[in-house]
Amino acid sequence: MNEATIDPSNLLCHLEDILDSDPHIDEVGFIHPMQFAAFSEEDHSGSGPQLTDEITRKPVRDYSSHTFFWHSKHKLGISTIVLVPLYRAAKDAFLVAYKRYRMLRDSQLKKDETLENNALTCLPSLLDTMENEVMRHSKALLLLSCDFGTAWNARKLIVSKKLLSPMFTDELLLSALVLSYSPKSERAWSHRRWVIKMIAGKSAKMQEIVERESELVKTLAENSKMNYRAWSHRCWLVSYMSDSQVLLELQSSRDWAGLHVADNSCFHYRSRLLLRMIENLRHNNDSDGFSGAEFHQKWKDELDWVGMLIKRYVGREALWLHRRFLSLVWMKHLASDDQCGFIKDEITLSQSSTIIPDNDYGDYQAQATYSATYIMWLAKQMPMSFGVELRKSSHYEALKLFVGNVGKSCLWDSTTLILEKCDDR
């Protein structure tokens, strides 16, 4: 079947009827026409039981439901054969509706004298009608083209005018539906942040919303590896968390991070949680807050855990980068506590990590390189203490030899230059 035999307007009406009849659709996908037979075998009713519109209670059209749309158990499938004509129809319908809405809105704001009194009286109802049309068409359009910025902005305009709680909930549902098939859509994540900012301070269930958002990111990160945008959204949520939520997130994300040691985004998220703990300690503005001793123990547990992961998973750069962050935290906030113990532990870890038992296994070489660069970075950060102890250790000469062999002599020279300047003082 080619595009010439398809009526795009009927397709769009059918899609929008499905979306209106089932506001709890939580997943959308695009299906090859050959796969529809398999779906029909699982669900003999094709697109599920006969749908009815929740407002008019009228049956939804059954136009080509077996061929182009599959809808069952709050899941929606759209045939790839109709994506192009369906997108064009949705785009045209949205742009026409949005243009008419802006014209009516401008007329109401300016109280255009060219309009008759009857027209002015009808403006509010006309605006409501056009707002519904814009929201209806934009929803269908965004499911077909998630980065259509004008559609997202049109929804923001209408929602910010109404400021109704159900509308904010609908926006979260829509963006989650878009993310079900495009988990790295920056537009969808940005829209969710806008909604949360709008309801922050107004909703009594803010902490529940944050928990659901964090769970959504976890689910999407599991299905979409290295999802930087999802983890950035989760980092952004930290500013809305209470102390108890920060501790819970630190605990719950640990197992996930331990199974995804190459994904730096999760370790960055844990860094953000630890920084939030430091911020709360400074301001002490949370009734369920924790003490400095508790934070010190959390930091120590994190350092020991990362050390264990470094030894278990050889050659994972994300682990060494996270250890750098933990070392910076120690230098800025905990350096007065057991300085000798920290320096000794880091030198010992580096010494064990630069041993290469098998030259044919590239991860051992990477592990030794990350270890050497980490230990020299520490020496630069603390030349008066760490640098001095490093030069006294037996690891110093072995480190110098290894750095020269891997072509990082410039790094070694810059480090020793700083140490020599400290000696001259």
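Accessible area per residue (1.4 Å probe, heavy atoms of protein chains only) ranks GLU346, GLU397, GLU249, GLU208 as GLU397, GLU208, GLU249, GLU346, with the largest value leading. Principal semi-axes of the equivalent ellipsoid, √(5λ) from the alpha carbon gyration tensor of region 233-365, are 29, 18, 10 Å from largest down. Computed on region 256-361, with alpha-carbon pairs under 8 angstrom and 6+ residues apart, the relative contact order is 31 percent.
Farthest toward the positive end of the dipole of the chain, out of THR369, ILE418, LEU321, is the Cα of ILE418, where the dipole comes from beta carbon charges about the Cα centre.
Beta carbons within 10 angstrom, averaged per residue: use that to sort the peptides 176-184, 137-145, highest first.
On the way: 176-184: 19.8, 137-145: 22.9.
Per-residue Cβ counts within 10 Å, averaged per peptide and sorted highest first, yield 137-145, 176-184.
Seen against the Cα atoms of the chain and their longest principal axis, helix 165-181 is set at about 70 degrees.
Derived from the Cα gyration tensor, the three semi-axes of the equivalent ellipsoid of the chain are 56, 27, 19 Å, largest first. Our helix-only sum for the chain, with -39,500 (n - 2.57) per DSSP H run of n ≥ 4 divided by its residues, gives a mean residue ellipticity at 222 nm of -22500 deg cm²/dmol. In the full protein context, region 197-273 carries 47 Å² of accessible surface per residue, based on a 1.4 Å probe and ignoring ligands, DNA and RNA. Three principal axis extents of region 353-410 based on alpha-carbon atoms, in descending order, are 38, 20, 16 Å. Remark: region 25-33, residue by residue, has Karplus-estimated 3J(HN,Hα) of 4, 10, 7, 10, x, 10, 10, 5, x Hz, where x stands for each Gly or Pro and the curve is 6.51 cos²θ - 1.76 cosθ + 1.60 at θ = phi - 60°. The accessible surface of region 182-286, taken with every protein chain in place and a 1.4 Å probe, is 50 percent carbon and sulfur. Normalised by the number of residues in the chain, the average gap of Cα pairs under 8 Å and 6 or more apart makes the relative contact order 9 percent.
Look at where the Cα atoms of region 307-342 and of region 232-273 average out, and the two centres are 17 Å apart.
In the calculated pair distance distribution of region 208-275, what percentage of Cα-Cα distances lie above 19 Å? The partial results should precede the final answer.
On the way: 458 of 2278 pairs.
Summing the P(r) of region 208-275 above 19 Å gives 20 percent of all pairs.
When you count the other C-beta atoms within 10 angstrom of each residue and take the mean per peptide, 369-378, 74-83 line up highest first as 369-378, 74-83. The three principal axes of the Cα atoms in region 133-233 give end-to-end lengths of 36, 34, 16 Å, sorted in falling order.
When each of the peptides 8-14, 33-39 is scored by the mean number of other C-beta atoms lying within 10 Å of its residues, the order from highest to lowest reads 8-14, 33-39.
About the Cα centre of the chain, what is the dipole size in debye to 20, counting +1 per Lys and Arg Cβ and -1 per Asp and Glu Cβ, all else neutral? Mind dumping the intermediate values first?
On the way: 52 positive and 56 negative charges, 230 e Å.
Dipole of the chain, to the nearest 20 debye: 1100 debye.
The values are calculated or read from the model by the stated rules, or taken from the named source; none is laboratory data. Computed from a predicted structure; not experimentally measured. No Cβ is skipped: glycine too gets one built from the backbone with ideal geometry, and neighbour counts run over all protein chains shown. What goes into the accessible areas is simple: the full protein's heavy atoms, side chains included, and nothing from ligands, DNA or RNA. Shrake-Rupley method; radii C 1.70, N 1.55, O 1.52, S 1.80 Å.
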